Amino acid sequence: MKILLAEDDFASRKFMSNYLGKYGDCDITVDGEEAVDAFLMALEDGEPYDLICLDVMMPVLDGYQALKAIRDIEKERGIQGNDGVKIIMTTALNEERNVKKAFEMGCTVYSGKPIDLKKFELILKKLELID
Amino acid sequence: MGEDFNTDSMLDMFLYESEQLLETLENVVLEKKDEDCFDEASINEIFRAMHTIKGSSGIMMYENITKVSHKLEDVFYYLRESHPENVPHLELVDHVLEVSDFINGELDKIREGETPDGDESKIVDEIDKFLTRIKTGIEKKGDELPPENTYVEPEQFYIAPTGSESSKYYKVSIYWRGDTQMCNIRAYTAVYSLKEIVEDMQYIPEDIITNEATSEVILAEGFHMLVKCQATEEELISTIGETSGMDHVEIHDCTKQEFEMGFHHQEEDNIVIELDDKDKGSEEKKEKKEPTPGDYVIKNKESGKSKKLAKNQPKQQPKQTYISVNVEKLDALMDMIGELVISEAVVLQNPDLKVPGLDLTNFQKAAGQLSKITTELQDVIMSMRMMSLTNTFQKMNRIVFDVSRKLGKDIELEVIGENTEVDKNIIEHISDPLMHLIRNSVDHGIESKEDRIAAGKNPKGKITLEAKNEGGKVYIIVRDDGKGLNKQALYEKAKNNGLIGNRAMSEFTEKEIYQFITYAGFSTKEQVTEYSGRGVGMDVVVKNIQSVGGNLEIDSMEGAGSEMTLKIPLTLAIINGIVMQVGNSTFVIETNAVKEFVRIRRDMLVKEPDGEEYIMLRNECYPFIRLNQRYHLEESKTDIEDGIVVVLEHESKFICVFIDELIAEQEIVVKPIPSYIRKVQGLSGCTQLGDGSIALILDIAGLIAGEERK
């Protein structure tokens, strides 16, 4: 599985890349803009990401902006619905309006921090990213 | 539950919404339990509730809740589509309540931060079998089954954070010894090691890495951090470790708000103002509250400061119908209004004003206006804390249903005056006592169907729960038409348990005998049932009621039923009192307790050989207390014809006290006797008068009890 991680805090980044590394190759970006760039690059190389883990609070572009950009790019290329990359937003923001907005914009999973790893793994299985 | 919490968080929203749905569901079910079947409206309501819970629990991945609600939704789907006849109603009611209880149990676990690990398979199986019978019934009738109610998996999911509700906030301060070098670097080392285990932190001084001068600041004032983490104080201390030069480390708990205010005191906004989203679909609100992409871009990444986001927190005040306010703020407000009343008195009764010949007409007018406003302010503030008893009373429905069913009794609960409002504090303290009293009525009060028929009563028992406001007090009455209390049995049990010494039954009034059941260690039930009879209930009930200044009255008629009345004063803090002088001390008595003032002639005073005195008034004999003797006061009147006798009443008991003179009637703020003063019988508090002096508040009940015990 090809994974893209966007996280600006070093400790979280280390933790997530260690955890996700178990399931596949994990590329690391530290802000929203880098994440979108990385996504586009992989798409054009013909090796798109299967899963993107996006932090919400990031420099340059925040998680919502990155999410919008990624879904817009997919739409432009005719990638729709279930074919799109699975995006998990991770953040300490847990307010209902934040979750609603993320879902509206096409985020697949919204996970509060600290991350419930058991549920996380269950979801990866539900999304058929892992067995 | 359901009162103060933040309904913005996804998890809280889920919990709140689901609980509301389940509460409504339970009410619907209990309302219709005696019917033959559910009507269309109820079926739809129950279906909708289960459908919503199924959906939201699915998104949040609480699988057991999803499965069980889907199963029940299935049943009601068939009921809605096919309208089968002869559905076993009581069995269905049981299943619905079972599901409701299961889900509530899981929701409780989630709220406490535990895993909702309940096993739903048994319930699902039972409902499945029930459903199969219904489906068979439909097919037998020759009707076609509607299309399957298949479960569609959600496409988006929300994972609730683990234990973030239990994040703790601390203020950590490190001090180094005076001769230590490079404290700024040492401070940074501490920050670095803490970063592993904290979720968020800020510190001051901030530029420890770049600015050497901070080392001196740290030496002088210490290095301070605000941290948010799951760790305990011990874990924090051991992570910081002990390096050379460190003098000591201080850790204090702090609140979330203190953490968020940080060291710079940017936003002093403490009151959490939430909106009761009654019209969540409203366009206007959506525009103001929706997060916009770009709000969360991190602007200033500076060391030591918490993340600054691009979005401003606009302080809008959209339309609101309800405001959820921190209860501590309300308490503070209550205290302040008390102080205001005292201050008002100090101003209005100021000795400076007692200049003879001063024309105070304008002043009096203004003072009157001031008094009016303060009284109004008082009323509004008291009313802010008032909540209706509806919720509390609704809970009783379920208890009556459960207990009566388990005991095989048929009982109806009648609720009157549930819209009566009482102070929030009172509700919290009487909820448990009420449940106990209701359980008692169901368990001990109401007889079995056979007994009732034999006695010529309606086989269906009736319990009435009534609330009303009267004379500054709230009355909550639990009345049953059961078998009542047997005075002889009560007397004997009390005697056998050594609770009343050797006194004969005739020495007690009826009411006093009934009160025996509130004594600790008393129980007339031979067997201890699951619900009552263990003898530890009623005395705790009475304690709880007394802790809010109320009391419990018991009345009964053997064969006809019993009546338990909770009498609770609406407010303890500010009362109308009469100020009086005895010697050089000032006392205050609650106006309600004063029956009359009389001047006594010497021949009305009766003195017993043992020194006790009584007053004969209109052929009635009252115990008599000389306050000057009781409290060893000097310079007071001793001749009975010089002073005034005040006749006081408390709960139908009377007592007379002797005072020198009356001073005034006024509103006083009751303050507790400070803890450094030992408890004195007969005094329940103190207050500050307009001239600044202190008056003691007489406790009538205490005085009367003191006399009786002699």
### Task
Would you point out which residue out of B:369, B:364, B:349 is at pLDDT below 85 and outside the structural domain of residue B:469 (by TED's automatic domain parsing)?
B:349
### Task
Evaluate the following for residue B:239: is it at pLDDT 80 or above, surrounded by fewer than 16 Cβ atoms within 10 Å (Cβ to Cβ) and outside any strand (DSSP E or B)?
no
## Note on the structure
The residue that is surrounded by the most Cβ atoms within 10 Å (Cβ to Cβ), considering only those in the stretch B:390-419 that are assigned to a loop (DSSP other than H, G, I, E, B) and either more than 20 Å from the chain's Cα centre (by Cα) or at pLDDT below 85 (or both), is B:409
### Task
Note down all Cβ pairs under 7 Å where the first residue falls in the stretch B:658-680 and is touching a residue at least 12 places away in the same chain (Cβ under 8 Å) and closer than 28 Å to residue B:600 by Cα, the second is in a strand (DSSP E or B) and among the small types (Gly, Ala, Ser), and they're at least six residues apart or on different chains.
B:666/B:577
### Message
Among the residues in the stretch B:699-706, are any in contact with a Phe, Trp or Tyr (Cβ under 9 Å, 6 or more places away or on another chain), of a type in the set (Val, Ile, Thr) and under 16 Å from residue B:655 (Cα atoms)?
### Response
yes
### Message
of a type in the set (Val, Ile, Thr), away from chain A (no Cβ under 14 Å), over 47 Å from the mean Cα position of the chain (by Cα) and surrounded by fewer than 18 Cβ atoms within 10 Å (Cβ to Cβ): which single residue out of B:138, B:185 fits that description?
### Response
B:185
## Note on the structure
In the stretch B:2-26, anything modelled with pLDDT of 85 or more and within 14 Å of another protein chain (Cβ to nearest Cβ) is listed as B:14, B:15, B:16, B:17, B:18
### Message
For the stretch A:54-86, which positions are within 18 Å of residue B:297 (Cβ to Cβ), without any contact (Cβ under 8 Å) to a residue 60 or more places away in the chain and under 11 Å from the mean Cα position of the chain (by Cα)?
### Response
A:54, A:55, A:56, A:63, A:64, A:67, A:70
## Note on the structure
Going through (1) more than 14 Å from chain A (Cβ to nearest Cβ); (2) touching a Pro at 6+ places or on another chain (Cβ under 9 Å) one by one, residue B:62 fails only at (1)
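Condition check ((1) in the same structural domain as residue B:235 (by TED's automatic domain parsing); (2) acidic (Asp, Glu); (3) more than 18 Å from residue B:244 (Cα to Cα)) across all residues:
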| site | (1), (2), (3) |
| --- | --- |
| B:175 | yes, no, no |
| B:186 | yes, no, no |
| B:191 | yes, no, no |
| B:203 | yes, no, yes |
| B:206 | yes, yes, yes |
| B:217 | yes, no, yes |
### Task
Search the stretch B:361-375 for residues that are more than 18 Å from residue B:690 (Cα to Cα) and pair each with any residue that is acidic (Asp, Glu) and part of a helix (DSSP H, G or I) when their beta-carbon atoms are under 6 Å apart and the residues are at least 6 apart or on different chains.
none
### Query
Is at least one residue of the stretch A:100-117 farther than 23 Å from residue B:295 by Cβ and free of Cβ contacts under 8 Å to residues at least 24 places away in the same chain?
yes
### Query
Residues in the stretch A:12-27: is at least one in a strand (DSSP E or B), more than 11 Å from chain B (Cβ to nearest Cβ), free of Cβ contacts under 8 Å to residues at least 24 places away in the same chain and touching a Leu at 6+ places or on another chain (Cβ under 8 Å)?
yes
### Task
Kindly indicate which of B:92, B:22 is in contact with a Cys (Cβ under 9 Å, 6 or more places away or on another chain), assigned to a helix (DSSP H, G or I), touching a residue at least 24 places away in the same chain (Cβ under 8 Å) and crowded, with 18+ Cβ neighbours inside 10 Å.
B:92
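Residue by residue, here is whether (1) at pLDDT below 85; (2) buried (at least 20 other Cβ atoms within 10 Å of the Cβ); (3) not assigned by TED's automatic domain parsing to the domain that holds residue B:664 holds:
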| position | (1), (2), (3) |
| --- | --- |
| B:535 | yes, no, yes |
| B:559 | no, no, yes |
| B:565 | no, no, yes |
| B:578 | no, yes, no |
### Query
Regarding residue B:531, is this residue over 19 Å from residue B:559 (Cα atoms), touching a Lys or Arg at 6+ places or on another chain (Cβ under 9 Å) and either modelled with pLDDT under 80 or not in a strand (DSSP E or B) (or both)?
yes
### Message
Restricting to the stretch B:580-634, name every residue that is touching a helix residue (DSSP H, G or I) at 6+ places or on another chain (Cβ under 9 Å) and surrounded by fewer than 16 Cβ atoms within 10 Å (Cβ to Cβ).
### Response
B:598, B:612, B:616, B:634
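The values are calculated or read from the model by the stated rules, or taken from the named source; none is laboratory data. Please read all numbers here as calculations on a predicted model, not as lab measurements. Don't worry about glycine lacking a Cβ; one is built from the backbone with ideal geometry, like all the others, and counts go over all protein chains shown.
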